[in-house]
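K.L.:
Once you've had a glance at the structure underneath, I'll fire off some questions.
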Amino acid sequence: MKLGIVGLPNVGKSTLFNAITKAGAEAQNYPFCTIEPNMGVVTVPDERLKVLQQMFNSKKIIYTTIDFFDIAGLVKGASKGEGLGNKFLGHIREVSAIVHVVRCFEDPNVVHVEGKVDPLSDIDTINLELILSDLELIERRIQRTSKALKGDKSLQFELDVLERIKDELEHGKSARILDLNDNETKFVKALDLLSFKPVIYAANVSEDDVTEDNEYVKAVKKYASEEDSEVIVLCAKLEAEMAELDDDERGAFLEDLGIKESGLDKLIKASYNLLDLISFLTAGESESRAWTVKRGTKAPQAAGKIHSDFERGFIRAETIAYDKLIESGSFTAAKDRGLVRSEGKDYIVQDGDVIHFLFNV
């Protein structure tokens, strides 16, 4: 799972990236500080693994991970090469989803590239550049498809969808708001449009506004609701401070602030939801481990995440829900109670399934 952190210069992108990855991307108070997309691999916290480690006496825990890319700030005209536009747009094309950091705080010491704090204007600036880039691609595709249609009438479907996308883009709308059926969605995904990528808006607020939405945040939430996107509220500065603390200290820090969970935890949950991901678990003496798959993944394909031989020689999956396993006290006890199920090739893996795969190659 690859997520790209984007936004205008000086909205807190690199500060947030540093906080959640501890990767040390340079963060300075001037545009274009980030030239190459910094990448950080973030472990996804999962308390269930600690419990499984104790139950199975596992030697180690291996968490699943998310890759975050800190992509340099975009400005007006990026789609035409302004700033370092084309390069940055290319980096966005490589990610699965976008984390759009929006400045929702006032600070006279931090310059704003447009001269004033206006989160909706900032969002429109970024979205417009993605839309303009997509529009150029779509117009070229329409020209090619129109020519090919003379010899292949089956391309009418594609042309109709392309024309619908073009109409939305020309009205300043992102491709992701289109109401598409399954076949149309499959086709549009293959186009790899920037404005079709799912988005999480990260409203970066001051320390004083972490517990209650300010007017900027309310405006962002209203905007996001109209395109069915999610908003997480965080303070990148506080996240950076928390990144230096151990788990116990971090918990006390959050409690003092009156916050239930960190911005990173909220971002991870939102990312999983956005990309429709779940985690299944494996456990034994060597390790307790989480694996990420798409919701709806069947058992053989889930086994293939561990090793291709597991999928190729799949026999069955001995499966139990995590909660049922913990209630039983051990895998053996759960088996004795008849709670461990033997699932075949058509079984759809559920979040929190603890699975032992049997295979033969």
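K.L.:
With θ taken as phi - 60° and the coefficients 6.51, -1.76 and 1.60, list the Karplus ³J(HN,Hα) couplings across segment 276-287 in order, rounded to whole Hz; mark glycine and proline as x.
P.N.:
Running phi through 6.51 cos²θ - 1.76 cosθ + 1.60 with θ = phi - 60° gives 6, 10, 9, 10, 10, 10, 10, 8, x, 5, 6, 6 Hz.
K.L.:
Now a separate question. Using modelled amide H (1.01 Å from N, peptide plane; none on Pro or chain starts), what sits under 5 Å from the amide H of Glu287, excluding residues fewer than 5 places away?
P.N.:
So Glu287 has HN proximity to Lys59, Lys60.
K.L.:
Once each part is reduced to its C-alpha centroid, what is the distance from segment 223-284 to segment 137-176 in angstrom?
P.N.:
Centre-to-centre (Cα) distance: 39 Å.
K.L.:
Can you tell me what percent of all Cα-Cα pairs in segment 166-248 are more than 14 Å apart?
P.N.:
For segment 166-248, the share of Cα pairs beyond 14 Å comes to 71 percent.
K.L.:
For the chain, what's the relative contact order in percent, using C-alpha pairs closer than 8 Å and at least 6 residues apart?
P.N.:
18 percent
K.L.:
Still on this structure, please answer the following. In sequence order, what are the phi-derived ³J(HN,Hα) couplings for segment 237-247 according to the Karplus relation 6.51 cos²θ - 1.76 cosθ + 1.60 with θ = phi - 60°, rounded to whole Hz, with x for glycine and proline?
P.N.:
Calculated HN-Hα couplings, in order: 5, 5, 4, 5, 5, 5, 4, 8, 9, 7, 4 Hz.
K.L.:
How many percent of DSSP beta bridges within the chain run antiparallel, rounded to 5?
P.N.:
Of the beta bridges lying entirely in the chain, close to 50 percent run antiparallel.
K.L.:
Continuing with the same structure: Give the peptides 247-253, 192-198, 154-160 in descending order of average Cβ contacts within 10 Å, highest first.
P.N.:
Most protected by this proxy first, the peptides run 192-198, 154-160, 247-253.
K.L.:
So, one more: Over segment 123-173, average the accessible area per residue using a 1.4 Å probe and give it in Å², no decimals.
P.N.:
56 Å²
K.L.:
Can you give the direction-averaged projected area of the convex hull of the alpha-carbon atoms in the chain, in nm²?
P.N.:
Over all viewing directions, the chain projects a mean Cα-hull area of 21.5 nm².
K.L.:
Ordering Ser308, Ser58 by how much accessible area each has at a 1.4 Å probe, largest first, what is the list?
P.N.:
Result, largest first: Ser308, Ser58.
K.L.:
Per DSSP helix of 4 or more residues, -39500 (n - 2.57); summed, then divided by the residues of the chain. What does that give at 222 nm, rounded to the nearest 500?
P.N.:
-12500 deg cm²/dmol
K.L.:
Moving on to the next point. Would you work out what percent of the accessible area of the chain, with all protein chains in place, is carbon or sulfur (probe 1.4 Å)?
P.N.:
46 percent
K.L.:
Using θ = phi - 60° and the Karplus curve 6.51 cos²θ - 1.76 cosθ + 1.60, what whole-Hz ³J(HN,Hα) does each residue of segment 156-169 get, with Gly and Pro shown as x?
P.N.:
After applying 6.51 cos²θ - 1.76 cosθ + 1.60, I find 4, 4, 4, 4, 4, 5, 4, 5, 5, 4, 4, 4, 5, 4 Hz.
K.L.:
Given C-alpha coordinates of segment 141-181, what is the ratio Rg to Rh with the Kirkwood estimate of Rh?
P.N.:
With Rg and the Kirkwood Rh in hand, the quotient comes to 1.04.
The values are calculated or read from the model by the stated rules, or taken from the named source; none is laboratory data. All of these numbers come straight from a predicted model, not from anything done at the bench. We place every Cβ from the backbone using ideal geometry, glycine too, and count neighbours over all the protein chains shown. Remember, those area values only see protein heavy atoms, side chains included, never the ligands or the DNA or RNA. Shrake-Rupley method; radii C 1.70, N 1.55, O 1.52, S 1.80 Å.
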